[in-house]
Amino acid sequence: MQDQPQTEAEKEAALREAGRLLFAGSADFFYAADKLEILPPMRGHEIAFAGRSNVGKSSLINALTGRNALARTSHTPGRTQQLNFFDVGGGKLVLVDMPGYGYAAVEKAKVAAWTELIHAYLRGRANLARVYVLIDSRHGIKPNDAEVLDGLDKAAVSYQIVLTKADALKKHEIEARLAATRAAIARRPAAYPEIILTSSRTDDGVTDLRASIARLLSERGE
């Protein structure tokens, strides 16, 4: 007897379970690079997390992996100054925490160096499966966010928008922000159409993010 085709609800449940299992395993820091010349050798699939300084990137990575201190969090924007590489699930996935952008108090030369590192990494990393671009849901897509999206579109690097700090918004504000964000990325060629709404404080959306990553790996044959 042949297996019956899965319903959409069953497929979604399977992805959520796959995401849970992926991030229930090990998650370990293994490399840091502040120059393109010393990036680690490419292996497996990589996903990268990008976003403005103070968008809550490290907090979301910690919530995603279920580790309180995997990625360093700080009340000082601009703390992450290099590409930090984490092994997830014993070699199933490499997660990359990218330097935050858009923090004006850091000297211009350092910002320029970070920006060049980010763009060089995005252009040259053949095993980069997707960039998750974190946007503060309270503010939406700002000009320097749009510049990053422009660069990803130009480099033909798949990316997906993740709205953070959703617990700070009322329901009607969330709906308005989602609509505005969908409109902003509608004609962007490298943008994945689904937007993920998250809060690392309440864990809202973390399961959705895990499922999204599990779907991506499944599409890539993992």
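The values are calculated or read from the model by the stated rules, or taken from the named source; none is laboratory data. For clarity, every value in this text was computed on a predicted model and none was experimentally measured. Virtual Cβ from ideal backbone geometry, glycine too; neighbours counted across all protein chains shown. Ligands, DNA and RNA are stripped out before the accessible areas are found, and what is left, the full protein with its side chains, is counted by its heavy atoms. Shrake-Rupley method; radii C 1.70, N 1.55, O 1.52, S 1.80 Å.
From the Cα gyration tensor of segment 8-221, with a ≥ b ≥ c the square roots of its eigenvalues, which class applies: rounded if a/c is under 1.5, or else prolate if a/b is larger than b/c, or else oblate? Could the numbers behind the result be given before it?
Numbers: a/c = 1.34, a/b = 1.07, b/c = 1.25.
Because its axes are fairly even, with a/c under 1.5, segment 8-221 counts as rounded.
Whenever you get a sec, line up 119, 172, 45, 139 from highest to lowest accessible area (probe 1.4 Å, protein heavy atoms).
Numbers: 119 55, 172 120, 45 35, 139 100 Å².
Greatest to least solvent exposure: 172, 139, 119, 45.
Evaluate E = 1/(1 + (r/R0)^6) for residue 168 and residue 68, where r is the Cβ-Cβ distance and R0 equals 25 Å; express this FRET efficiency to the nearest 0.05.
On the way: r = 21 Å, r/R0 = 0.86.
Approximately 0.70, to the nearest 0.05.
Rounded if a/c is under 1.5, else prolate if a/b beats b/c, else oblate: with a ≥ b ≥ c from the C-alpha gyration tensor eigenvalues square-rooted, which is segment 144-203? Verdict is prolate for segment 144-203.
Here's how it looks for residue 136: its modeled amide H is under 5 Å from those of 164, which are all 5 or more places away or on a different chain. Each Lys or Arg adds one and each Asp or Glu subtracts one; over the other residues with Cβ under 12 Å from the Cβ of residue 142, this totals -1.
Pairs with C-alpha atoms separated by more than 29 Å, drawn from the list 57/154; 11/142; 142/170; 108/171; 11/35; 11/92, are 11/142; 108/171; 11/35. Per residue, the chain exposes an accessible area of 52 Å² to a 1.4 Å probe, with every protein chain left in place.
Counting 0.36 nm for each residue step from residue 204 to residue 82 and taking away their Cα separation leaves a gain of 41.1 nm.
If you count, for each residue, the other Cβ atoms within 10 Å and average over each peptide, how do 25-31, 60-66, 35-41 line up from highest to lowest?
Values: 25-31: 14.9, 60-66: 22.6, 35-41: 11.4.
Put in order of decreasing packing, that is 60-66, 25-31, 35-41.
Summing charges over neighbours of residue 160, with a neighbour being any other residue whose Cβ is under 10 Å away from its Cβ, gives 0 when K and R count +1 and D and E count -1.
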